[in-house]
Amino acid sequence: MQVTKNSLELTFKAIIIGVFLAILLCGANLYLGLKIGTTISASIPASIISLGILRMFKKYSILENNISQTIASSGEALAGVIIFVFPALLILHVWQDFHYLDLLFLGICGGFIGIAYSVLLRRVLLKDPNLPFPEGNAIGQVLLATNNTKDKSGFKTILGAIGVAGLINLCQNGFKILGDSYYKFIQVNKSVIGLGTSFSPAVIGAGFLIGGNAVVGFIGLLIGWLILLPYFANLHGLKDSSDLVGSAFLVWKTYVRPVGIGVFLFSGVATILMMTGSIITAVKESINALRNINDVDVSERDLNIKKMLALVIVCIIPVGIFLYFKIAGLNVCSPAMSLVYTIFIAILVLVLGFIIAAVAGYMVGMIGSSNSPLSGLYFIAVILLSLVIKFIAESHIGAEMNSLMAVVILLVGFIGFSAVITNENIQDFKSGQIIGATPYKQQISLFIGVVCAMLVAPLLINLVFNAYGIAGIVPHPGIDPNNTLSAPQASAIAMITKNVLHGSQDWSLMGLGIAIGAVVFILDQIGKKTGKFRTPAIMMGMGLYLPPDLVTGLFVGGLLSIFIKRRQRKLVAIHGTEAVEKLDNKTNVLICGLIAGESLMGLLLAVPFVIKQSSDALRIVGTSFEPIAQGLSLIVIILLLRYIYRTATKIKINKA
């Protein structure tokens, strides 16, 4: 089916499919992100699933598929902000659950500003010759390759992977007949050392998509748990030597995690400084497009930039009103000065959102969304806003602490919503460019995706919270605080916000992280110039910051990716590039299906967990079965790894 000017594009069925996938993948990523601290790009699974559904209709177009994919990506993007930022309000005991109207208001206003930013940035990012857009290009090429065939293998592959991963998760977290992780700690004098690993298909799949960079994360894990943790444990002692696991994690949270945050901070600042030229170019290009709006070809035409700028003003006004009343309520300055502070913070929020959007979009174009440094960029926003609010509040911090922490975190969430659209949807714009999509129609579909996702996302995040608990916070008895979803980024945001406002932040630990980040950054630049290796600082930060079982699981997935890439390079010489590219595309679809399957099952399991008020609602074995369950999980994961490897390296030869 060839794409023409009259091809179907922004149709009712494309919108309905997109909305369905946006809600589905939004819910899946809410669970996944809270569990492992990262989300998967919705573009690949959405493009495959939507194409499979569209083929059920007599008339369809891959342009419709691109619309569905774009809407779905917006839902996944907003989910990332919700789980990275807003659980901090639970951790700080400012909220007892997730406030529906607050999330809806911030999500729609911030999301609409984010769409405006993506309109401003789309053209300059897509025409940059230094940006290969690996994911966007892959999606576009797959769509073109499958458009004129009846091949449904991609659809079958992703559905099969969803089923397999969902079944494994059901057995791990539902029936408990499979273990989901394993830890081993040993006390050495006054200190402790130990590691762990995850048996999660989603974690291993995420590591596969990260690729060889996951090795850098594992090196960070070794530094954190075999060097820093024993050092700090020996220096400060163990809280309870009879509980090695609990004591080790307490030392890690108190002393090692802040070092990881320092690495994140350095990574974020370094990325912004490196992208300064591109950001300035983007602004100039946007101004030029504003002056020559009528001279742009329809195939490259965006939504009216003047209207987008007006939309930014309209959406920031209610946020400014909220800020003004918060500042005026502190009674630390005159109403006129409160207005000045409000305008300053509103401008700061808009500028930070645009800078983060530009940097994130550039990084996605360079290396894909899996390695995007959003965490480090969010932490920069947290520190800046906390310092500004601390300066304004002065002596009123003690009495108004909860209110001030809420203001900082809500503003960071707003910045996140405004930045994340470009981070996630720029690759949809790239795949759309490849297949001949109309940019302004894609941008219209983003508004639909933002509204529909935000209507449902607050309900889904409350469902997940009530089923699993988050970061040690449990909504009711029946949930073990030690087995809640970790929400690593939100935990860091909560800690930084509270400590900066209190004036109790230990900057020395972050300083150590910044120093480590600088060393890793220098090594990365050396490796980049020689072309022999890369050591992204963001991955070193993840190794220090994420729990060890997650980092080890990511490392296993990364190693698998390295072995597969090595084997595929040999296969190119035998079977040619085209055959290996097909294998690579099929493998990526399989991996995305595994990640989505576990996440969707996690969301489905939330229903009986909430009804029974216990995460053991479906348990069919006792706790004494745990060692056997862990052994069984090891066998299952080894078989799964073998299957992935065979899928990625076995080329079928058609017999004549």
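The values are calculated or read from the model by the stated rules, or taken from the named source; none is laboratory data. What you are looking at is a predicted structure, and each value in this text was computed from that prediction instead of being measured. Cβ atoms come from the backbone with ideal geometry, glycine included; neighbour counts cover every protein chain shown. Quick note on the areas: whole protein, heavy atoms, side chains included, nothing else; ligands and nucleic acids left out. Shrake-Rupley method; radii C 1.70, N 1.55, O 1.52, S 1.80 Å.
Taken over the range 461-503, residues that are part of a loop (DSSP other than H, G, I, E, B), in contact (Cβ under 8 Å) with a residue 12 or more places away in the chain, farther than 20 Å from R257 by Cβ and of a type in the set (V, I, T) amount to 1.
Each residue in the range 612-656 was checked for being in a loop (DSSP other than H, G, I, E, B), modelled with pLDDT of 90 or more and among the charged types (D, E, K, R), and 1 of them qualify.
Would you check if there is a residue in the range 29-38 being at pLDDT below 85, basic (K, R) and buried (at least 19 other Cβ atoms within 10 Å of the Cβ)? Yes; the residues of the range 29-38 include at least one that is at pLDDT below 85, basic (K, R) and buried (at least 19 other Cβ atoms within 10 Å of the Cβ).
Among helices (runs of 4 or more DSSP H) entirely within the range 1-108, having at least 3 residues that are free of Cβ contacts under 8 Å to residues at least 40 places away in the same chain and closer than 24 Å to S153 by Cα singles out 43-54.
No other residue among F555, F563, F521 is modelled with pLDDT of 90 or more and surrounded by fewer than 15 Cβ atoms within 10 Å (Cβ to Cβ) apart from F563. Considering only residues in the range 607-635 that are surrounded by 14 or more Cβ atoms within 10 Å (Cβ to Cβ), within 18 Å of G553 (Cβ to Cβ) and of a type in the set (G, A, S), the one that is nearest to the chain's Cα centre (by Cα) turns out to be S633. Based on what the data block shows, is K190 within 17 Å of W225 (Cβ to Cβ), of a type in the set (K, R) and out of contact with any strand residue (DSSP E or B) (no Cβ under 7 Å at 6 or more places or on another chain)? Yes, satisfied. Residue check: S200 meets all listed conditions (1) closer than 30 Å to I644 by Cα; (2) among the small types (G, A, S); (3) crowded, with 24+ Cβ neighbours inside 10 Å; (4) in contact with a Ser or Thr (Cβ under 6 Å, 6 or more places away or on another chain) but one, namely (4). Elements of the type helices (runs of 4 or more DSSP H) sitting completely within the range 158-248 and holding at least 1 residues that are among the polar types (S, T, N, Q): these cover 229-236. For the range 75-108, filtering for residues that are in contact with a Ser or Thr (Cβ under 9 Å, 6 or more places away or on another chain) and surrounded by 24 or more Cβ atoms within 10 Å (Cβ to Cβ) leaves 8. The C-beta contact set for the range 533-549 (first residue without any contact (Cβ under 8 Å) to a residue 12 or more places away in the chain and more than 9 Å from G217 (Cα to Cα), second residue part of a helix (DSSP H, G or I) and open to solvent by less than 10 Å² (accessible area, probe 1.4 Å), distance under 8 angstrom, 6+ apart or interchain) comprises F533/G527. The number of residues in the range 436-467 being open to solvent by 10 Å² or more (accessible area, probe 1.4 Å) and of a type outside the set (G, A, S) comes to 15.
Taken together, V359, V312, V364 contain a single residue that is part of a helix (DSSP H, G or I), buried (at least 16 other Cβ atoms within 10 Å of the Cβ) and at pLDDT 80 or above, which is V312. Annotation: of all residues in the range 153-192 being basic (K, R) and in contact with a Leu (Cβ under 9 Å, 6 or more places away or on another chain), the one that is modelled with the lowest pLDDT is K190.
Within the set L459, L411, the sole residue that is among the hydrophobic types (A, V, I, L, M, F, W, C) and within 22 Å of E76 (Cβ to Cβ) turns out to be L459. Taking (1) assigned to a helix (DSSP H, G or I); (2) open to solvent by less than 50 Å² (accessible area, probe 1.4 Å); (3) farther than 28 Å from P475 by Cβ in turn, I595 satisfies each apart from (3).
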